[in-house]
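Here is the structure we will look at, set down as structure tokens.
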Amino acid sequence: MTKTTLLRLQITSFVLAHIPLFAVALYALANGLTGRLDLLMVALLATLVAAVAIWMTLGRALGGSAQPVQNRA
């Protein structure tokens, strides 16, 4: 897999992981932000953690930099 293809896949996954955050933000904006900032912050942090985890996992799994486990005999 080329680096360009891997980067595209990582960026797409990163954007897709943020869709729930956008939905929560739009809902909060439509109904007023009063009392919903804590929900937005939790959604933001959870989304960022998930996006970074996806980014790192895809990079390791598809980037070819993973080291195979060697048997110790």
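Checking each residue in the stretch 14-53 for being under 30 Å from residue 63 (Cβ atoms) and surrounded by fewer than 16 Cβ atoms within 10 Å (Cβ to Cβ) picks out 15, 16, 19, 20, 22, 44, 45, 46, 48, 49, 52, 53.
Each residue in the stretch 14-73 was checked for being under 21 Å from residue 3 (Cα atoms), among the hydroxyl-bearing types (Ser, Thr, Tyr) and modelled with pLDDT of 80 or more, and 1 pass.
The values are calculated or read from the model by the stated rules, or taken from the named source; none is laboratory data. On a predicted model such as this, the values are computed, not experimentally measured, just so you know. All Cβ positions, glycine included, derive from the backbone under ideal geometry; neighbour counts span all protein chains shown.
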